[in-house]
Amino acid sequence: MIDYENLKKLNEPFFQEYQSAFQRTLESGWYILGKEVETFEQDYARYCGSQHCIGVASGLDALILALDAYEFPAQSEVLVPSNTYIATVLAIIKAGLKPVLVEPNPHTYTLSAEEIKKAITSKTRAIMVVHLYGKLCQMDQIMDIAQSHGLKVIEDGAQSHGATFLGKKSGNWGDVAAHSFYPTKNLGALGDAGAITTNDADLAERLRYLRNYGSKIKYYNDYIGLNSRLDELQACFLRIKLAHLDTINTHKRQLATIYQNTLSDSFVKPVFDPAFYDVFHIYAIRHKERDRLRQYLLENGVKTEIHYPVAPHQQKAYTPLFQSASYPISEEIHQTVLSLPISFCHTTADVEQVVKVMNSFV
């Protein structure tokens, strides 16, 4: 059986380094906001090409705090793709703002610049772009739109560590960017973890307060904040993983190339464009008989996932917010998309076997 993901196998190459880092952190006696977090923040900011990195507890918290830091008026509108993971929409709601769903480009699955223009109103304050599956959005066009309308751009870079567009990395395009280090991500921790990157020094300083109860000096609270601090242990593991991130991304790109070159054209495959360096957190194909295909793959020894089976506006908890609105592009994506095995632990032989099974389905 080819697993969709196997976190033990994925992390086995780093076990010895993890053990050494754990021992170092354990013996330090400092477990919250210490040297491990500080060093990781410096390293990750440098990797992204940004001036500042603020470690937080999760990718969701990174999104919420990024929005909170701007202090937008209550119920200000934030544009967000209609096919995103629910965390992006949830962050906007938790920040007291209004999510406005915008249809994606049906080929790249990322926000369409033309659709963004149509959705902007006098209440719009920000565009939350989502670099879905490891591909950046068309950021030059989006930044131009934002600048012309006086809007902030918040990057959801949860799936795009190391990805670039026109040579510029994820996390360094917008005004602020949120990152998740959930264990399955290309840059994955051994638990929940996240970070925020920005080139705005004042914003970075405010975020350092907000993640720590709104406090910079213990027991003195200048802001109404959260307890959302990147753990020292997760930071020490992330420092190790970051040193190997380019190798991880290269491997996943090699597996993606096999899929791209050998899968039948009866499957809708990702768009390859030399302007984009995609890191394939997910290799997603589409097929009109997705559910039958998935069952066929399972019966033939291949596990897959669906990212994601239900569109945000169709989720039970969120339907009242969107008043039975229809988003046909998003709905089609959610009904037909299927994620194929593409982990750092998978071999070329694994992927070739997946291709063989899939092509036999055709």
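Backbone phi angles across segment 173-186, fed through the Karplus curve with coefficients 6.51, -1.76 and 1.60 (θ = phi - 60°), yield HN-Hα couplings of 9, x, 6, 7, 9, 10, 10, 10, 10, 3, x, 7, 5, 4 Hz in residue order; Gly and Pro are listed as x. Under a Gaussian network description of the chain, with springs only between Cα atoms under 10 Å, the residue in V37, V279, V271 that fluctuates furthest is V271. A Förster radius of 30 Å combined with the Cβ-Cβ distance from I306 to Q254 puts the calculated FRET efficiency at roughly 0.80.
Subtract the Cα-Cα distance of I240 and K316 from 0.36 nm times their separation in residues, and report this length gain in nm to one decimal.
Roughly 23.4 nm would be gained on extension.
Among beta bridges identified by DSSP and lying wholly in segment 138-268, the antiparallel ones come to about 75 percent.
Which one, I127, I32, I145, has the greatest fluctuation when you compute a Gaussian network model over the chain with C-alpha springs under 10 angstrom? Comparing I127, I32, I145 in the GNM, the peak value goes to I32. Normalising by residue count, segment 245-361 has a Cα convex hull of 138 Å³ per residue. Which residue fluctuates most in the GNM of the chain (Cα springs below 10 Å): G162, G96, G301? In the Gaussian network model the winner is G301.
Pull out the extension gain between D265 and I32, defined as 0.36 nm times the separation in residues minus the alpha carbon to alpha carbon distance; nm, one decimal.
Details: separation 233, 0.36 × 233 = 83.88 nm, distance 5.08 nm.
Full-extension gain reported as 78.8 nm.
Express in nm, to one decimal, how much length is gained between E299 and M1 on full extension, taking 0.36 nm for each residue of separation and deducting their alpha carbon distance. The partial results should precede the final answer.
Working: separation 298, 0.36 × 298 = 107.28 nm, distance 0.95 nm.
Taking 0.36 nm per residue and subtracting the Cα distance, the gain is 106.3 nm.
Over segment 184-282, what lengths in whole Å, largest first, do the semi-axes of the equivalent ellipsoid take, defined as the square roots of 5 times the eigenvalues of the alpha-carbon gyration tensor?
Values: eigenvalues 301, 49, 27 Å².
The answer is 39, 16, 12 Å, longest axis first.
In segment 120-214, which trypsin sites (Lys or Arg not before Pro) are in a loop and have at most 16 other Cβ atoms within 10 Å, using DSSP for the loop call? Don't jump to the answer; show the numbers that get you there.
Numbers: sites: K123, R125, K135, K152, K168, K169, K185, R206, R208, R211; in loops: K123, K135, K185, R211.
Those satisfying the criteria are K123.
Measuring between their Cα centroids, segment 29-44 and segment 147-196 lie 19 Å from each other. Amide H to amide H distances under 5 Å link K216 with D222, where only residues 5 or more positions off or on other chains count and H is placed in the peptide plane.
How much of the DSSP bridge set in the chain is antiparallel, in percent, rounded to the nearest 5?
Values: 25 of 42 bridges.
Roughly 60 percent of the beta bridges in the chain run antiparallel, per DSSP.
Taking amide H positions as modeled 1.01 Å from N, with prolines and chain starts lacking one, the residues under 5 Å from V176 and 5 or more places away or on another chain are V153, E155.
Can you bin segment 1-90 into rounded, prolate or oblate? Criterion: square roots of the alpha carbon gyration tensor eigenvalues sorted a ≥ b ≥ c, rounded for a/c under 1.5, prolate for a/b above b/c, oblate for the rest. Since a/c reaches 1.5 but b/c is at least a/b, the shape of segment 1-90 is classed as oblate. Counting every other Cβ atom within 10 Å of each residue's Cβ, C345, C236, C137 order from fewest to most as C345, C236, C137. How would the chain be classified by its alpha-carbon gyration tensor: rounded, prolate or oblate, with rounded meaning a/c under 1.5 and the a/b versus b/c comparison settling the rest? Cα axes put the chain in the oblate bin.
Arrange the following residues from fewest to most other Cβ atoms within 10 Å of their Cβ: L298, L210, L263, L111.
Ascending Cβ contact count within 10 Å gives the list L298, L263, L210, L111.
With neighbours defined as other Cβ atoms within 10 Å of a residue's Cβ, the residues V100, V354 order from fewest to most as V100, V354.
Please work out whether segment 225-266 counts as rounded, prolate or oblate from its C-alpha gyration tensor, where a ≥ b ≥ c are the square roots of the eigenvalues and a/c under 1.5 means rounded, while otherwise a/b larger than b/c means prolate and anything else oblate? It comes out oblate by the Cα gyration axes.
Any read-out appearing in this document is the output of simple, stated calculations on the displayed coordinates, not a laboratory observation. As the structure is a computational prediction, the values presented were derived from the model and not from experiment. All Cβ positions, even for glycine, are placed from backbone atoms using ideal geometry, and neighbour counts span all protein chains on display.
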